[in-house]
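A short worksheet on the structure shown next.
Please treat every number below as a calculation from the coordinates, not as lab data. In this text, all values refer to a predicted model and were calculated from it rather than measured experimentally. Please note: Cβ atoms are built from the backbone with ideal geometry, for glycine as well, and neighbour counts cover all protein chains shown.
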Amino acid sequence: MDIYRVNHQQLLKGIRCNFQRYLYKQIQWDDRLIGIFGSQGVGKTTLLLQRIKLAFDDSDKALYLDLDSILFQREKMVNVAMQFYKEGGTHLFLDSVHRYSDWMSEARKLLDRCPDLHIVFATSSLLPVSKVMRGFKNQVSCHILGTMSFREYLSYECVLDLPPISLDDLLENHAEVARNVNDQIVVAPIFRNYLEHGEYPFYWDDPDAYPYRLQDRVRDTIEIDLPAIYPVGYQVLNEIKRLMMLVSGQIPNVSDIADLATQLKLEATDVKRYLDYLKDAVCLRFYQSNKSANHRYQKTYLGNTNLLMAFEEDVNDRVVLGETFFVDQLSNFATVELLGNNDFLVNDKYTFMVGDPLMDYERIKEVENAYAAIYGQPKSQNNKLPIWLLGLCY
């Protein structure tokens, strides 16, 4: 037990709590079983450790266990947790649970045998939330942690502290909100920095190596997280990596599945399955309008603009950057659908045309609940708003 406690204490020493992700305040920490899902690098581990430090500090009531640790090749997690509970522990924080094959059955045993025990676990976005809900008979509170929003980045960089604003309130008052922000900071260079390196908190660990670390995150997601959840072999992993690189080079108008299969010399059914994996890992995002063919994704994007710039050199297409930012930010709190004219429908209510200042937006001028989200426009005017405003909602 001592070695797990030492690891726990050492990790807490390096944790700062001056900045917390948006999800920290949304979680009902009194719930008995809490799950946090997210892609690699978004800050799941930091969120767990911040909760321990803020709520328990040096108390022995909490224990952090990384289930990917080699120590669990020697003894079961359930035995370590039972000993922790017998010694008076009440809150167990389990990280990387998807890399420990029996974690769900052992967690159920703990909940049955330890009536005062609370469990918080973190896992990959590749693990289906529905599977976890079924495994715990819906007795689990599940949350998805996305990448940092533009609002969070402003706070993280100590540039500007703003409360999150709902999409409805933002669109009703977008001119005032834009004016308030513009009165305090020069947005354009800060927003460009965010698009390049603002989505993941680990940027400042080594700024020069940031693009390579993002590439490594994608590789590790495919090579480590994916086979921990699905029965895939070495050859399949290489095929998925080849597909990822092929698709990333065609963004946003990617070949249909049949063409991708031909180029990679694979079966179309396998390509479809691999694309689903990459979507669940938030490496790629697919949008298909009702008017497009059954097997064609009309628009395909990398998971966020940081990934886009890490995989593609000299990305200067403001429409592609704007659309990637748009779907990334809004997908964290709203439903996003692609319409047949390449506009986006959000929450079945708002229509957005995403573009740059040189585009013609006349066709949405008189349309109810229609807006132009423009990359390169500094302020709001009528139904045209700077696209960075949509990064202030979470």
Need the full-extension length gain, residue 5 to residue 204, defined as separation in residues times 0.36 nm minus the C-alpha distance. One decimal, nm. 68.8 nm
Any chance you could check the Cα centroid distance between the range 107-149 and the range 224-255 for me, in angstrom? 27
How high is the relative contact order of the chain, in percent, counting Cα pairs under 8 Å that sit 6 or more residues apart? 16
Could you state the orientation-averaged shadow area of the convex hull built on the Cα atoms of the range 2-144, in nm² to one decimal? 8.0
Taking every DSSP bridge whose two residues both lie in the chain, the antiparallel percent to the nearest 5 is 30
CD proxy, 222 nm, the chain: helix-only mean residue ellipticity via -39,500 (n - 2.57) per DSSP H run with n ≥ 4, per residue, nearest 500, stands at -12000 deg cm²/dmol
Between (i) 6; (ii) 16; (iii) 13, which matches percent of Cα pairs over 42 Å apart calculated for the structure shown? (ii)
Acute angle (nearest 10 degrees) that the helix 77-86 long axis makes with the longest principal axis of the chain, alpha-carbon atoms: 60
Quick one: angle between helix 103-113 and the longest Cα principal axis of the chain, in degrees between 0 and 90, rounded to 10, please. 50
Give me the angle, in degrees from 0 to 90, between the Cα long axis of helix 44-55 and the longest principal axis of the Cα atoms of the chain, rounded to the nearest 10. 60
With Rg from the Cα atoms and Rh as the Kirkwood inverse mean 1/r over Cα pairs, the range 94-135 has an Rg/Rh of 0.96
Provide 181, 129 in ascending order of the number of other Cβ atoms located within 10 Å of each residue's Cβ, fewest first. 129, 181
For each of 106, 323, 87, count neighbouring Cβ atoms within 10 Å of the residue's Cβ, then give the residues from fewest to most. 87, 106, 323
How large is the charge dipole for the range 102-252, taken about the Cα centre, if only the Cβ atoms of Lys, Arg (+1) and Asp, Glu (-1) carry charge, to the nearest 20 debye? 760
Dimensionless Rg ratio for the range 207-303, taking C-alpha atoms and the 2.2 N^0.38 Å reference: 1.08
At a 10 angstrom cut-off on C-beta neighbours, averaged per residue, how do the peptides 160-171, 303-314 rank from highest to lowest? 303-314, 160-171
Between residue 246 and residue 348, what is the spin-label point distance in nm, taking each point 7 Å from the Cα along the Cα→C-beta axis? 3.7
Nitroxide proxy distance, nm - points 7 Å out along Cα→Cβ at residue 224 and residue 193: 2.9
What does the C-alpha gyration tensor say about the overall shape of the range 234-393? Classify as rounded when a/c is under 1.5, otherwise prolate if a/b is larger than b/c, or oblate. prolate
May I ask you to order 330-342, 375-387 by the average number of other C-beta atoms within 10 Å around their residues, highest value first? 375-387, 330-342
